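Take a look at the structure set out below.
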Amino acid sequence: MQKLRIGVLGSGKGSNFRAIRDAITGGRIEAEVAVVVSDVVGAGILQLADETGIKSVTVVDQRYKTRLAAEKEEELVAILREARVDLVVLAGYMRMVKAPLLEAFPRRIINIHPSLLPKFPGLEAWRQALEAGEKTAGCTVHYVDAGMDTGEIIAWAEVPVLPEDTAETLHARIQVEEHRIYPAVVQRFALGELP
């Protein structure tokens, strides 16, 4: 049986990509990363890909901050199709995904968000949870749709919000759970357990 082929999109240092890559290398996920794409030149996620010989590509669009122009997203689709990607994994990808990508990979794009969705979509969700006085926070893996962090939920993990927490300490604890559940969800796709 052919291994699940993953395309990873990221804008930052790539810690969730590293967790998935390490789970694949360690034999905990029956998959391979076919390509890593970033919208940021020199992003850490590209360096992580290069370290392990995974193809990495940059698709930059200076016109918009929160999304790619349609033709740039078409370019992204072409890269993913050329790599014969089965599943698109957003790992700190800081742009909204629009029609070209959603239509090319229906129910085959997933994201991890650092809150217990539907609470606190958008940026710095851990800070939003802390400022709202929440007793628990966490992370959610979900299918990507045209909204901001509104897709169907696949899995989530809770962490307590401690009285002494800062935004940084809470975020670090949430990331530990992200690095645990995101590879587990990718493995569920690899095993055919998720539609």
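Quick look at the numbers
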read-out	value
Flag for Lys98 being under 18 Å from the mean Cα position of the chain (by Cα), farther than 24 Å from Asp149 by Cα and among the basic types (Lys, Arg)	no
From the options Ala91, Ala132, residue that is touching a Gly at 6+ places or on another chain (Cβ under 6 Å) and modelled with pLDDT of 95 or more	Ala91
Qualifying residue in segment 92-103 (condition: of a type in the set (Ser, Thr, Tyr) and part of a loop (DSSP other than H, G, I, E, B))	yes
Tabulated pairs, segment 51-78, first touching a residue at least 40 places away in the same chain (Cβ under 8 Å), second surrounded by 15 or more Cβ atoms within 10 Å (Cβ to Cβ) and of a type outside the set (A, V, I, L, M, F, W, C), C-beta under 8 angstrom, 6+ apart or interchain	Leu76/Pro100
Members of segment 46-64 found to be surrounded by 15 or more Cβ atoms within 10 Å (Cβ to Cβ) and closer than 23 Å to Leu101 by Cα, listed by number	Leu46, Ala49, Ile54, Lys55, Ser56, Val57, Val59, Asp61
Hits in segment 86-100 - residues which are of a type in the set (A, V, I, L, M), surrounded by fewer than 22 Cβ atoms within 10 Å (Cβ to Cβ), over 17 Å from Leu48 (Cβ atoms) and out of contact with any strand residue (DSSP E or B) (no Cβ under 6 Å at 6 or more places or on another chain)	Ala99
Residue that is surrounded by 14 or more Cβ atoms within 10 Å (Cβ to Cβ), of a type in the set (Gly, Ala, Ser), at pLDDT 95 or above and touching a strand residue (DSSP E or B) at 6+ places or on another chain (Cβ under 6 Å), where the choices are Ala19, Ala23, Ala43, Ala83	Ala83
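The values are calculated or read from the model by the stated rules, or taken from the named source; none is laboratory data. Everything numeric in this text was worked out from a predicted model, so none of it was measured. A quick note on method: Cβ atoms are made from the backbone with ideal geometry, for glycine too, and the neighbour counts reach across all protein chains shown.
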